[in-house]
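Okay, so here's the structure we're looking at.
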Amino acid sequence: MPKRKLIKPNFELLRNAYAIFDGIPEDRINLNSILTKRGASTSCGTIACGMGFLTLHPQFQALGLRMPRGDHVGACLLYKDNGAYYADAAAKVFQIKVSEATGIFAAPHCEEAIYDQHLPKMVTSDKELLLARIIYFLKSKKQLISNAIQQ
């Protein structure tokens, strides 16, 4: 039986994503839709989920993450020119399990948002929820000591 190649999660890239999300205005992150509204820039009208915003960032575009063309996006992104469900794309980009990617990037109150039960009850926005999920994931993997992300 051939040995499976172990892939180490890209925690540094996830920390970079955290920093990107942290810099996006609170009202611009909507975890219910990949892309709700496309503006001239992330600070000028764009409303998207976490993975939707990452498709707009040059670092993630260089890794092959893109938004499909057209107005209707649904839950699909492009990863290395192939259509991919947001969680599948996130799993590939960050080299984590699909269940972990879903736990981080899923819509609020989604059954698959496996980390939400461990988060503070007073999370008031999708941005806070996304950042709290990333912190919880990194702590659960012993990649973070406190709630502050060091860059």
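Before moving on, here are some points about what is shown:
- Eligible aspartates and glutamates near Lys97 by straight Cα distance, threshold 14 Å, same-chain separation 8 or greater: Asp88, Glu112
- Net lengthening on full extension, Asn32/Arg66 (0.36 nm per residue, minus Cα-Cα): 10.4 nm
- Extending 7 Å from Cα along the Cβ direction at Val123 and again at Asn82 yields two label points whose distance is 3.0 nm.
- Least to most buried among His109, His118 (fewest other Cβ within 10 Å first): His109, His118
- Restraint check, Lys80/Lys142; Lys8/Lys142; Lys92/Lys127; Lys8/Lys80; Lys92/Lys121, Cα-Cα greater than 24 Å: Lys80/Lys142; Lys92/Lys121
Each value in this text was obtained by applying a stated rule to the coordinates, not by laboratory testing. Nothing here was measured: the structure is a model prediction, and the numbers come from that model. Neighbour counts are summed over all protein chains in view; Cβ atoms, including those assigned to glycine, are modelled from backbone coordinates with ideal geometry.
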